[in-house]
Amino acid sequence: MISDDLIIFLKKPPYGKIELSSNTIPLNSVKYLAPATPTKIILCGLNYIDHALELKMKPPQEPVIFLKPPSALIANQQNILHPAGVKRLDYEAELAVVIRKKAKNIKPREVNKFILGYTCLNDVTARDIQKKDGQWTRAKSFDTFCPVGPWCETSLDPSDLRIRSYLNGKLMQDSRTNNFIFPVDFLVSFISKIMTLYPGDVISTGTPKGVSKMKPKDRIEINIQGIGSLVNNVL
Ligand code: MG
């Protein structure tokens, strides 16, 4: 747990009852880890009205979901590797959910008790490969294509949060989660009817308008109100 500039160690992993120990360490002295231990990372395609309008696409009737492998996961301040041969590497600012306990066939109104908290996620995408392949696995799955962090915020209402991305300090995306086509409770319930969710699994909720490309040496920051900033450099 973070309190001001201190990290307070937990007695055990956070998926059960959160118990604090007496051990602390200054926040500015640590190397970040991703605040989730996923067996799978599930992402939602088009889920912001503003992004659908930007793409001149009809909002989907049902969530379009896809997976990233856990091997793509990196933490705050780690580097995104620009793969050789990729011509267009995009950032996508997203709000992500971390699952607290095993969930299968849960109803939207039950979802809250299965959620540990919320974090920022960058759905890094090789856009040229996504278009070429016609499906998304290769384009979304390179190592380092899933920055998550900086931490998991456990006390947050996700229904109307400002979400922004900055490329080299320039504001690129600026929207609110009240633009969701499918809100968090619907989305988590929907996915739990397809696949069993386990503690530490990550569900990402799609990106708003303003997606663009990154190049080596760029700095990409995803900022979500009530959480903070996920910052990664491109190598
Ligand atoms: Mg996305």
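The values are calculated or read from the model by the stated rules, or taken from the named source; none is laboratory data. Because the structure is a prediction, the values reported are computed rather than measured. Glycine also receives a Cβ, built like all others from the backbone with ideal geometry; neighbour counts cover every protein chain displayed. With ligands, DNA and RNA removed, areas are computed over all heavy atoms of the protein, side chains included. Shrake-Rupley method; radii C 1.70, N 1.55, O 1.52, S 1.80 Å.
Brief remarks on what is shown
- Extension gain for Arg162-Leu55 works out to 36.4 nm (0.36 nm per residue, less the C-alpha to C-alpha distance).
- For the chain, with all protein chains in place and a probe radius of 1.4 Å, 54% of the accessible heavy-atom surface sits on carbon or sulfur.
- Where Ile8, Ile25 fall by accessible area, highest first, once all protein chains stay in place (1.4 Å): Ile25, Ile8
- Rounded to whole Å, the principal axis extents of the Cα atoms in segment 73-116 read 44, 20, 16, largest first.
- Evaluating 6.51 cos²θ - 1.76 cosθ + 1.60 at θ = phi - 60° for every residue in segment 108-113, the Karplus couplings come out as x, 6, 8, 4, 3, 6 Hz, glycine and proline recorded as x.
- Cα coordinate range in segment 31-233, projected on the principal axes (Å, largest first): 43, 42, 29
- Rolling a 1.4 angstrom probe over the protein heavy atoms with all chains in place gives the chain an accessible area of 49 Å² per residue.
- In sequence order, calculated HN-Hα J values of segment 72-83 (Karplus, 6.51, -1.76, 1.60; Hz; x Gly/Pro): 7, 5, 9, 9, 3, 6, 8, 8, 8, 8, 7, x
- Under 12 Å from the Cα of Lys209 - aspartates and glutamates, other chains or at least 8 residues apart: Asp50, Glu54, Glu92, Glu94, Asp174
- In this structure Met214 has an accessible area near 10 Å², from a 1.4 Å probe over the protein heavy atoms.
- Candidate lysines for bridging to Lys215, where Cα separation is under 25 Å - those fewer than 8 sequence places away on the same chain excluded: Lys31, Lys68, Lys87, Lys131, Lys132, Lys140, Lys170
- Whether segment 178-220 is rounded, prolate or oblate, judged on the alpha carbon gyration tensor where a/c under 1.5 counts as rounded: oblate
- At the residue level, Asp160 shows approximately 70 square angstrom of accessible surface with a 1.4 angstrom probe and all protein chains present.
- Computed label-point distance, nm, for sites Ile194 and Leu171 using a 7 Å Cα→Cβ extension: 3.4 nm
- FRET efficiency estimate (nearest 0.05) - Cβ-Cβ, Phe9 to Gln225, R0 30 angstrom: 0.65
- Sorting Val86, Val64 by solvent-accessible area of protein heavy atoms yields Val64, Val86, largest first, with a 1.4 Å probe.
- ³J(HN,Hα) computed for each position of segment 8-15 - Karplus, 6.51 cos²θ - 1.76 cosθ + 1.60, integer Hz, glycine/proline x: 9, 5, 8, 6, 8, x, x, 6
- Prolate/oblate/rounded call for segment 20-109, Cα gyration tensor, a/c under 1.5 rounded: oblate
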